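Data first, discussion second: the structure below is written as structure tokens.
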Amino acid sequence: MFIGEGPGYHEDRCGRPFVGPAGQFLDELLAMAGLQRTEVFIGNVVKCRPPQNRDPQPEEIATCTQAFLFRQIEALQPRVIVTLGRFSMNLFLPGEKISRIHGQPRKVDGRLIVPMIHPAAALHQPQNRPLIEADFRRLPEILAEAEREATAKLSAASPRDEEPPLEQLSLF
Ligand code: URA
């Protein structure tokens, strides 16, 4: 699951997340991570476009997350959440600085949170692009590790029938 900040002009018109220039770059980043849009869920912290693209206010964030985003997470139960930008990161890793922890996965309440710099940051400041791209190129490795961990947990919870307890082996 990927979580951005909130709809911009293009998203507001279409009713879909990340369809403008930041979305085009996000598509490129997903491709670098070997992912397609159809394989991932993309959402936003706030669901309405803040006027003049200002930052979403704490009350707006609280309202939208309670009413929508947290319910989406509850319904989807993603093992990995990639946060795009500081507003999204702050929901799971409050008090952290995106410039310090971008690209570094953290375990929060049993799921992996991967804080990424917002793709739009590369549009405003092209020097951010290589950094963001490098973080996304590491995603396959992070997802594979999350998958391995989930599989290991599952088999620990329900050991396979064909692996008999040791004392039974001695019967053969
Ligand atoms: N930026 C976001 O954070 N979300 C979008 O949907 C589009 C741009």
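Viscosity 0.890 mPa s, temperature 25 °C: what is the translational diffusion coefficient of the range 12-77 from Stokes-Einstein with a Kirkwood Rh over Cα pairs, rounded to a whole number of µm²/s? Please report the intermediate quantities before stating the final value.
Values: Rh = 13.4 Å.
Reported coefficient: 183 µm²/s.
Gaussian network model of the chain, Cα springs within a sub-10 Å range: biggest mean-square fluctuation belongs to which of Pro119, Pro17, Pro94? The residue that fluctuates most here is Pro94. Please state the Cα pair-distance histogram of the chain with 10 angstrom bins from zero: what percent is in each bin? Bin by bin from 0 Å, the calculated values are 9, 35, 32, 11, 6, 4, 2, 0.
Using only alpha carbon pairs under 8 Å that are at least six residues apart, calculate the relative contact order of the range 43-158 and give it in whole percent. Here the relative contact order equals 20 percent. The alpha carbons of the range 66-152 occupy a box of 38, 32, 20 Å along the principal axes, longest dimension given first. Build a GNM of the chain with springs between Cα atoms under 10 Å: which of Gly43, Gly34, Gly103 gets the top mean-square fluctuation? Judging by the Gaussian network model, the answer is Gly34. Fewest neighbouring Cβ atoms within 10 Å first, the residues His124, His102 line up as His124, His102. Computed over the chain with a Gaussian network model linking Cα atoms closer than 10 Å, the most mobile of Met89, Met116, Met32 is Met32. With the helix formula -39500 (n - 2.57) applied to DSSP H stretches of n ≥ 4, the chain reaches a computed 222 nm mean residue ellipticity of -12500 deg cm²/dmol. The angle between the Cα long axis of helix 21-32 and the longest principal axis of the Cα atoms of the chain comes to about 20 degrees, rounded to the nearest 10.
The spacing between the range 42-64 and the range 76-99, judged by their C-alpha centroids, is 15 Å. Ranking of Arg16, Arg49 by neighbouring Cβ atoms within 10 Å, starting from the fewest: Arg16, Arg49.
Each value in this text was obtained by applying a stated rule to the coordinates, not by laboratory testing. All of these numbers come straight from a predicted model, not from anything done at the bench. When we count neighbours, we look across all protein chains shown, and the Cβ atoms used for this are built from the backbone with ideal geometry, even at glycine.
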